[in-house]
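To keep things clear, I will list the structure first and then write my remarks on it.
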Amino acid sequence: MNFWYENAVFYHMYPLGMSGAPFENREETVVHRFRALEDWLPHIRDLGCDAIYIGPLFESSTHGYDTRDYRMVDRRLGDNADFRVFVEKAHEMGMKIVVDGVFNHTGREFFAFRDLQQNRENSRYRDWYKGVNFGWNSPYNDGFGYEAWRNCFELVNLNLWNREVKDYLFDVIRFWISEFDIDGIRLDCADCLDFDFMKEMRWITTQIKPDFWLMGEVIHGDYARWANQDVLHSVTNYELHKGLYSGHNDHNYFEIAHTIRRQFDENGGIYKGRILYSFVDNHDVDRIFSKLNDKRHLRSVWTLLYTLPGLPSIYYGSEWGIEGRKDMGGDPALRPALDLKQMEENPPVPWLPEYLAFLARCRREHPVLAEGRYRELSLTTRQYAFARLWDGEAVIIAVNNDENEAWIQVPLPMGASEMTDLETGEKVPQENGRLSLLTAPGGSRLIWLHN
């Protein structure tokens, strides 16, 4: 049985930033910014995306990850009815909705922590948090200490070994599925979460919705510990993310090829059979256009994202090639307010949205690009070619990070009577079982082999 998340193209929305909501949540009334976010849905569909990862959404105090209320959409974005309409409209357009699940910690304004502050040793929630010690003190002078995520004491670590805490969070998940009909959860800080907690979540969500998708934010470590039949369906592929930009900046395709060979090679990749979540940037890292030394590499980077094993994701704004670096103002510089109409009328990189729509169409019309085996065909520091093969069909992908155009010599991975350039529709001749592909600086070619 094939599930929707096995061949999806994601669009990543950070709603508080893109809608221009204030950083601090001091709104006394609900502000209906979701209505403006709905305007993005046709644009996302036109890019060829069939799933949206949106978050954080829980009512919070500042950036969205310091939760105040798990059952309420952040009032800076709207109310629960607004989000329900957003999901309905996305579903009508054929797009799935995945939301952020912030279950490792709460904010200091969450009811359980407020009770702990007020009642101290007598609080019935004292065991809801890790490391509570009434002989210590916190940087906020609470008169007690506690564990915090990476020593950010506005984020108080929940005790996920506590049965009450687990049941509370599982009820939250049931609420979001029943109330909004969401299709999946991206687990914030999944590399900090208890494995038994995630396993139970997997079992519960599968019982409610068999095609419910769980993806975890994991930066380091063996991804197979999280992405497997018992825990999560997928995790973030930070290893590939790093290679995609540094492999171009250093003119070193060996870095990318080594990563993929190790992860997904048909003859023993350690993550073979798993589908990881791939990206070139997100709300925590610099924009890809800012990271590339040679902006012409934008095309080849995106080509690799869509054609190497994994689920490709576009972080809002990067489809137009906008800039964004942490040294320009911290996390908020990565999460700017954008005017959709203005971006469509004056995009920094005009050709990019159409090219991303083309890549999505290729994945949709040629499932071999998502489901096929990976096979490396040709590799130098500046040119790289590989194939995705499946059921008598193949697509060859060739990329060039050189400052000059280059001929890439590629052996055919299978016999085929037709070889077609997917972008131009032109037939490509072969000679003695090889293709000679002229590739522009920072360019790419996609060649479809079929009988």
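I'd like the distance between the alpha-carbon centres of the range 1-64 and the range 248-313, rounded to an integer number of Å.
Here the answer is 24 Å between Cα centres.
Cβ neighbours within 10 Å, averaged per peptide: list 382-395, 299-312, 80-93 in order, most packed at the top.
On the way: 382-395: 20.6, 299-312: 24.1, 80-93: 16.6.
Ranked by mean Cβ neighbours within 10 Å, highest first: 299-312, 382-395, 80-93.
Could you state the principal axis extents of the C-alpha atoms in the chain, from the largest down, to the nearest angstrom?
Reported extents, whole Å, longest axis first: 81, 46, 40.
Neighbour counts of other C-beta atoms within 10 Å: give me GLU323, GLU354 arranged from fewest to most.
So the residues, fewest neighbours to most, are GLU354, GLU323.
Out of all DSSP beta bridges with both ends in the chain, state the antiparallel percent to the nearest 5.
Around 60 percent antiparallel, to the nearest 5.
Mean shadow of the range 372-450, computed from the convex hull of its alpha carbons, in nm²? It would help to have the intermediate numbers written out before the result.
On the way: hull surface 19.1 nm².
Mean projected area of the Cα convex hull: 4.8 nm².
Which entries in the list LYS242/LYS272; LYS89/LYS166; LYS199/LYS272; LYS89/LYS209 go over 27 Å, if you measure between the two C-alpha atoms of each?
LYS89/LYS166
Each reported figure results from applying straightforward, stated rules to the coordinates on display, with no laboratory input. Remember, it's a predicted structure, so these values are computed and weren't measured experimentally. Counting neighbours? That spans all protein chains shown, and the Cβs are built from the backbone with ideal geometry, glycine included.
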